[in-house]
Amino acid sequence: MPIPVRLKKVFAEIVVQSGHNYIYSPDLLKGLKVTVHAKNEPLESVLKRMFSGTGIAFTIKGNNVVLKKEKKAKGKESEARRHSVSGFVKEEESGEPIAGAIVRDRRTGKATITNANGFYTLSLPQGETTLQASSFDYIDSEPSEIHLFADKSHDFSLGRSRQLEEVVITASNEERHALHSSDVGSSTLSIGKINAIPAVFGERDVIKSLQLDPGVSAGVEGLAGMYVHGGNADENLYMLDNIPLYQVNHLGGLFSTFNPGVLRNVDFYKSSFPAKYDGRISSFIDVHTKDGRTDRHLGEFSLGLTSGNLSVDGPIGKDGKTSYSFGIRRSWLDVLTTPMTAIINATQKEDHVRFGYAFTDLNAKITHRFSDRSKAWLSIYYGEDYLRGGTKWTPTDNAVYDIKEDTWLKLNWGNILVSAGWNRVLSPKLFAEFNASFTRYFSKLKNDENTWEIVNGKETSELHDLRVDKNSINDWNLRASFDWRPSDAHHAEFGASMTFHSFVPSQLTRHIKSNDFESFARNDGTTYNAIETNAYFGDDWTLSDRLRMNAGIHASLFHIDGKTHGRLSPRLSLSFSPTPTMALKASYSRAVQYVHQLNQSYISLPTDKWVPITGDFRPKTSDKIAIGGYKSIGKGYVVSLEGYYKWMHNILDYTELYYLIPPAQGWDDRLTSGKGTSKGIDFKLTKSTGKLTGHVSYSLMWADRQFDRLNGGKAFPARFDNRHKINILCSWKINPTWEINASWTGMSGNRFTLPTQMWQGPGLSDFFYSKEWGTTNVGDSGSVPLIKNVNNYRLPFYHRLDLGIVRHTKRGYWTISIYNAYCHKNIISIRPGINNAGKPVFQKLSILPIIPSFSYTWLF
C-alpha cells in the first residue's frame, strides 16, 4: 500500500526532474505529507494533484512556478470544492452489512456511522484523502487512499478479530456509542454478546439477554418476559426486520421466538426513542436477520436436551448476486413427555393423564443484489406452539353406578410473517428502503369434555361438551423510509407507513350433545378493523465537536369505528462532551400506543387478548425524561449512570369483577382506564475488551398504578415494582478452546395481592376467582378472602446464579449450562390452600430448581 511521503522530499524530486524555477517560502511545505503517482504527465497536472487539499496554490509563469497559501473560497465556490464519498461496510467473509461501524477521514478527522444496512456517506474537501473503517469485534480496515475530485463510492470489508489474537482495539462499540451518540438508554446486541450469556436448556435467547440490562425486570422466574422501566409486557414493540410481532414467547415465555442462528444483531431502545419508532410506550426491540453469504455455503446444527436448530446460508448461482438464509428450530418436549406419561399411566389403572408440547420456528430469506447500490429481498417467518393435555378416567371396579370421563385440552398459537422489500442508494447522500408485509397472529383454545354414565357395567347415557375460543390479528403494512445525510453535520431519517389492522379478540363456539338433546351456540364477537398511518422525521445534528442533538417528531393517526385518533410524539436528546472520554446527555420522548393486551394472569399467555382502543377509551401515552453521564476509564471500561421519570396515561386493565360480565356486553364494560408513573436510576460498569469481559449493573426503581375502578381508586404499586435489581455478567475466554460464562441476578421480589381477612361466606361454592390465582379451591369451610389493597405484599428477594462452559472443537462447540447453580428456591407465587386441620393457609410456590443442560453445535 502507498505510504505518504513528506512533501518537501517529493517537491525536491520534481524540481530536479522538471528544470523549472520555484519561488516559495520554506515554511510553506513544513509538516505536509502527500502520496503522488505520476509517469509522463504534464507538470501542471502533477502539481494540481499534489497540492490538492493542502491549502497551497501555484501559478506557472514561463519557466517560473510561484507557490503561495491558497485563499479560502467563500460561499458557493467553497461548496463546489467538496464531494461525497459513500458506500457500505460489510463482513469480509459473509458479505453481511455491519451496522454501527465507523468510517473516518484521516485527513480532516471527520467520521460517520453506518446505518442498519451498513451504508455510510461523508462530504469531504476535494483532493487526496484517506478513509478507514472500524467496528468492535472486527479488525480495522487498511487505510484506503481516495482521489476525491468527484462524488465517489467506496466499500469496506472487515474481517472478524479472532480470540486471543494480538489485535489493537481502540474502543468498543459500547464506548463509542456512549461517548459519541446522543441516545440515552440504548444498546446493540451482537450474536457474540448473546452467546456470552449462559444458555437455559442449551438455548441462546435474545430476550433473556436483554433482561440483564439495568432497568429491565424479567417478570416471573425463567420466563422471557420484559418489564422496562415500570411498564407492562405489552408496552414493548418487538420487530423482526422492522416488522411488528404481537406474540414472541414459547411456552409462556420459557423461550422467545427469535432463532439466534439467523440473526445479525438486535437494537434496543428504552429511554430516548428514535423518531421512526412509535406504537408502544416502554421500549423498542428491532431484530435484524442475515441476508445470506455470497461466497460459500455455511451452516450450523445445534442439538440440545429440549430442541434442535438448523440454520444455513449461502449463494444461489455462481454470480454471487443472489443469496439465501434459512433456519428451522423445533422442540421435542412432546417426544420426551410421551414415555414419561406412559410410565405414569402404567402405574394407574383408572386415572390416565395426557400431555404434549412442542414449538416450531421457521425463518427463510432470499436476497438479490441488482448492483452494489440496490437489492431486494423476500422474507418469511412461521412460528407455532401446540399444547395438549387432559385426563381419562375409566372405572374398573364394576360398581352398580359409575362415571367415565375423557377430557382434552388443546391450545395452538403462533405468528406468520411475509415481507418483501427493496432498498437503493438514490444518491451519495440519500438511501431509500421500501417494504410491504403481512403478519398474522392466531390462537385457538379447544376444551373437549366427555362424560358417560355406567350402570351395571354398561354405558347408559353420555354427554359431550366442546368449547372453542379463537382470537387473531391480521396486519397489512406498507412502509417507505429514507436515510439522508445532506452534510457532515446532519444525519436525517424520515419516512411514512400505513397499516390495516383486523382484530378478532374472541370468537366462541360451544357444542353440547347428549342422548336426549343437542345444542350449538356461536358468538363471533366483534371484528375491529382499523387503519393506522404514521410519518416521522428526525435529524441527528452535530453542532460542534462537543455538542450533539437529535430532534424529531412522529405523527400518527388511528381510525376505528368512525373515529380518528391523532397524536404527535416529539423526541429530543442532547449530548455534551466536556472531554473526549466523557459525555453528559439528556432526553425527552413521548410515545403513543393504540393497541393493548389484556392479561388474565401475570404470565404472558396466548389466550390473553389484544384489543384496539374502542368506545370512549383514548390512546395510551407516555412522557419520559432521562439524563445520563458516561465515562471511559481506559482499558475497555465504560461506566454509566442514568436517571429517568416516566408519566403514563390512559393505561387499561380489567375491572375487579370483570369475569362476571357477560361476553355479549363487549370489552369496554370489562375495562378501566388509569394512569401510572415510574422513576429510577440505572448504573452500569462495562468491560468490553480483553479475555475477561462483562458488566456489573444496579437499578433503583419505583412504579405505581391508579385506576378509578380498582383498589377503590387509590394508587398502588405495580406488579413488577422491583425496588432493587443487581446483575453481574462475566465471560472469560481462557484460550481458543475453552470459555466460561457466568451470570448472577438479584432483585426485590415481585408484588402480590394477599387478602388481609377471610370471611364466612354462604357456603354456596368452594371456589373463588382472583387474577393472581385464577379459580381456586378454598375448601368446605366457605371462607372467602377479603382483598382491600392491590399488590400489598412483596415476595422474598430473588437471586440466582447461572453458569455456562463452552468447549470449541474443530467442527463446532459443546455448551454445558447450569441454571440456578446453587439451587435457590425462588418464590414466584403464593396460593391459598388447606392444611391438615382443614383450615385455610397460604402456600409459597417455587418451580425451577437447579437445571443442568448441554448441547452441541456442529459448524459446517
| Subset of the stretch 511-532 [outside any strand (DSSP E or B) and either in contact (Cβ under 8 Å) with a residue 40 or more places away in the chain or more than 33 Å from the chain's Cα centre (by Cα) (or both)] | ASN515, ASP516, PHE517, ASP524, GLY525, THR526
| request: Report yes if some residue within the stretch 727-734 is part of a loop (DSSP other than H, G, I, E, B) and at pLDDT 90 or above; otherwise report no. | output: yes
| remark: The strands (runs of 3 or more DSSP E) lying wholly within the stretch 787-860 that contain at least 1 residues that are under 20 Å from THR753 (Cβ atoms) and open to solvent by 60 Å² or more (accessible area, probe 1.4 Å) are 829-834, 840-845
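Taking the stated definitions as given, is GLY552 open to solvent by 10 Å² or more (accessible area, probe 1.4 Å) and free of Cβ contacts under 8 Å to residues at least 24 places away in the same chain?
So GLY552 does not fit the description; no.
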| How about the stretch 410-427: which of its residues are farther than 20 Å from THR322 by Cα and open to solvent by 40 Å² or more (accessible area, probe 1.4 Å)? | LYS410, ILE416, LEU426, SER427
| field | Selection within the stretch 477-510 - open to solvent by 50 Å² or more (accessible area, probe 1.4 Å), touching a residue at least 40 places away in the same chain (Cβ under 8 Å) and over 30 Å from GLY87 (Cα atoms) | value | LEU508, ARG510
| request: Answer yes or no: is there a residue in the stretch 330-345 that is farther than 27 Å from GLU449 by Cβ, touching a Phe, Trp or Tyr at 6+ places or on another chain (Cβ under 8 Å) and outside any helix (DSSP H, G or I). | output: yes
| note | With the first residue restricted to the stretch 304-321 and required to be within 23 Å of PHE854 (Cβ to Cβ), and the second required to be assigned to a strand (DSSP E or B) and basic (Lys, Arg), Cβ contacts under 9 Å at 6 or more apart or on different chains are SER307/ARG329; SER307/ARG330; GLY308/ARG329; GLY308/ARG330; ASN309/ARG329; ASN309/ARG330; LEU310/ARG329; SER311/ARG329
| note | Going through the stretch 274-322 in order, the residues found to be of a type in the set (S, T, N, Q) and either under 25 Å from the mean Cα position of the chain (by Cα) or in a loop (DSSP other than H, G, I, E, B) (or both) are SER282, SER283, THR289, THR294, SER302, THR306, SER307, ASN309, SER311
| field | Positions within the stretch 373-402 being open to solvent by less than 60 Å² (accessible area, probe 1.4 Å), at pLDDT below 85 and either closer than 15 Å to ASP448 by Cβ or assigned to a strand (DSSP E or B) (or both), in sequence order | value | ASP402
| note | ARG162 meets each of (1) modelled with pLDDT of 85 or more; (2) under 27 Å from the mean Cα position of the chain (by Cα); (3) on the phi < 0 side of the Ramachandran plot with one exception, condition (1)
| message | Can you tell me which of (1) under 24 Å from TYR238 (Cα atoms); (2) open to solvent by less than 30 Å² (accessible area, probe 1.4 Å) is the one LYS290 doesn't meet? | response | (2)
| Scan of the stretch 575-601 for residues that are in contact with a helix residue (DSSP H, G or I) (Cβ under 9 Å, 6 or more places away or on another chain), over 29 Å from THR542 (Cβ atoms) and of a type outside the set (A, V, I, L, M), ordered by number | GLN593, HIS596, GLN597, ASN599, GLN600
| field | Output for the stretch 305-320, where each listed residue is surrounded by fewer than 19 Cβ atoms within 10 Å (Cβ to Cβ), modelled with pLDDT of 90 or more and either more than 28 Å from PHE258 (Cβ to Cβ) or in contact with a helix residue (DSSP H, G or I) (Cβ under 9 Å, 6 or more places away or on another chain) (or both) | value | LEU310
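The values are calculated or read from the model by the stated rules, or taken from the named source; none is laboratory data. Here the structure is a predicted model, which means the values were calculated and not measured. In this analysis, Cβ positions are derived from the backbone assuming ideal geometry, glycine residues included, and neighbour counts consider all displayed protein chains. We work out accessible area using only protein heavy atoms, side chains counted, and drop any ligands, DNA or RNA first. Shrake-Rupley method; radii C 1.70, N 1.55, O 1.52, S 1.80 Å.
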